[in-house]
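Structure first, then comments.
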Amino acid sequence: MADPRFFGLAGPFGLGEIAARIGADLGPGADGAKRITDVHALDEAGPEHLSFLDNRRYVSAFTASRAGACIAEAEMTSLAPAGMAVIVAKKPRLAFARACGLFYPEPEARAGRHASAVIDPSAMLGPLVEVEAGAVVGARAEIGAGCRIGANAVIGDGVVLGEGTVVGANASVSHALVGRGVVIYPGARIGTPGFGFEASAEGVVKVPQLGRVLIGDDVEVGANTTIDRGSGPDTVIGRGTMIDNLVQIGHNVVVGEGCILVALVGISGSARLGNFVVLAGQVGVSGHLHIGDRVVVGPQSGIKDDVPAGAKVMGSPAVPMADYGRALAVIKRLGRKGK
């Protein structure tokens, strides 16, 4: 499935080991000692491969597949073709994602500093840190064990990176304390000044941005995303939050744990998001608002008011999704009457 020029394959693994490591169970009659060499799609898999089924639209591909093993829900075991072992999981796609990580683990840092990298003598680098060509590490920066600093990336003065954090090529990190296992993709900008100013008779006066960016463990920051540092209070990104490409997060914003922010989201200064919030693509959030835990906001929505916990909203300005759907239906009916 994966091009070996770009991805390193681990294994093979026995079915029993795979099931144990992805939190699933072997189906009836499955041989735990059976060796699996790779992961593949149902229609491409052979007897040595593992695949998955999580959508009933693909049952025909499942029953015709030559895969040696497949991750599926328990009720699918009776439909498995001859020769296919089933690994039973309540969430097959999640289990398959874990299996892919087993076969294709993230590469470890290759300890060393490229000759063209510039590292301030006062910076502290832990063991097994990789610093690629053209990267810059500023004064008093603290780089944890096993970190990888990509080509031409810039780590500013005093920045702290937790163990195992990856900073992609051409990214920059300043005024930030970053947790463990964080992935910052190429071109991201973290710690840039927030957009703060006041008008005066003489003109616009910029407000000094004296805060930081605090990023929790296991966060991912997408390519060309920007996270501004706080103006005094800090900008905070909670543990396990996933941020897509081209997202803008303003100063003093607080994002809770486990949130998902899809591409082109923009969050204005001092907005607060609870835990496990989902903002779909191109959502805009006005400043100083509070979005409660587990809120889901549909694509291209505009949030101008607080949103209570658990709500599902859509539109601009955003309204409950059910109301949005009814309003859209009315507009369609009016359009047909007009014709």
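Values in this text are rule-based calculations from the coordinates and carry no lab data. In this text the structure is predicted, and so the values were computed from the model without any measurement. Glycine also receives a Cβ, built like all others from the backbone with ideal geometry; neighbour counts cover every protein chain displayed.
Rg to Rh ratio, the range 298-339, alpha-carbon atoms and Kirkwood radius?
Rg divided by Rh gives 1.11.
Among residues other than residue 164 whose Cβ falls under 15 Å from its Cβ, what is the net charge (Lys/Arg +1, Asp/Glu -1)?
Taking every Cβ under 15 Å from that of residue 164, the sum is -4.
Work through the residues other than residue 26 whose Cβ is under 11 Å from its Cβ and net out their charges, Lys, Arg +1 and Asp, Glu -1.
Here the count lands on -2.
Using a 7 Å offset from the Cα along the Cα-to-Cβ direction at both residue 304 and residue 290, what is the distance between the two label points in nm, to one decimal?
Going from the residue 304 label point to the residue 290 one covers 2.2 nm.
Could you tell me the ratio Rg/Rh of the range 158-293? Both radii from Cα atoms, Rh via Kirkwood.
We get a ratio of 0.97 for the range 158-293.
Which pairs, out of 91/304; 34/91; 304/337; 90/332; 91/312, put more than 29 Å between their alpha-carbon atoms?
Beyond 29 Å: 91/304; 304/337; 90/332.
I'd like the distance between the alpha-carbon centres of the range 179-238 and the range 274-297, rounded to an integer number of Å.
18
Per residue of the range 108-116, what does 6.51 cos²θ - 1.76 cosθ + 1.60 with θ = phi - 60° give for ³J(HN,Hα)? Whole Hz please, x for Gly and Pro, Karplus curve as stated.
7, 4, 9, 3, x, 10, 5, 4, 8
If r is the Cβ-Cβ distance from residue 139 to residue 206 and R0 is 25 Å, what FRET efficiency results, to the nearest 0.05?
Calculated transfer efficiency: 0.50.
Taking all pairs of different Cα atoms in the chain, averaging 1/r and flipping that mean, what Kirkwood radius in angstroms comes out?
Mean inverse Cα-Cα distance, inverted, gives 22.7 Å.
Per residue of the range 156-173, in order, report the coupling 6.51 cos²θ - 1.76 cosθ + 1.60 (Karplus, θ = phi - 60°) as ³J(HN,Hα) in whole Hz, putting x for Gly and Pro.
Calculated HN-Hα couplings, in order: x, 4, x, 5, 10, 10, x, 4, x, 7, 10, 10, x, 4, 6, 7, 9, 10 Hz.
Using just the helices of the chain, give the 222 nm mean residue ellipticity in deg cm²/dmol: DSSP H runs with n ≥ 4 each add -39,500 (n - 2.57), and the total is spread over all residues, rounded to 500.
Rounded to the nearest 500, it is -4000 deg cm²/dmol.
Can you compute the FRET efficiency between residue 108 and residue 245 using 1/(1 + (r/R0)^6), with r the Cβ-Cβ distance and R0 = 25 Å? Round to the nearest 0.05.
With R0 = 25 Å, the Cβ-Cβ based efficiency is 0.50.
Go through 315-325, 160-170, 49-59 and give me the packing order, highest mean Cβ count within 10 Å leading.
Per-residue mean Cβ counts within 10 Å order the peptides as 160-170, 49-59, 315-325.
Within the set of other residues whose C-beta is less than 12 Å from the C-beta of residue 319, count the net charge using Lys and Arg as +1 and Asp and Glu as -1.
Taking every Cβ under 12 Å from that of residue 319, the sum is +1.
Against the 2.2 N^0.38 Å scaling, with N counting residues, where does the range 264-339 land? I'd like the Cα-based Rg ratio to two decimal places.
Cα Rg divided by the expected 2.2 N^0.38 Å: 1.21.
Could you tell me the calculated FRET efficiency between residue 115 and residue 75, based on Cβ-Cβ distance and R0 = 51 angstrom, to the nearest 0.05?
Working from the Cβ atoms, E equals 0.30.
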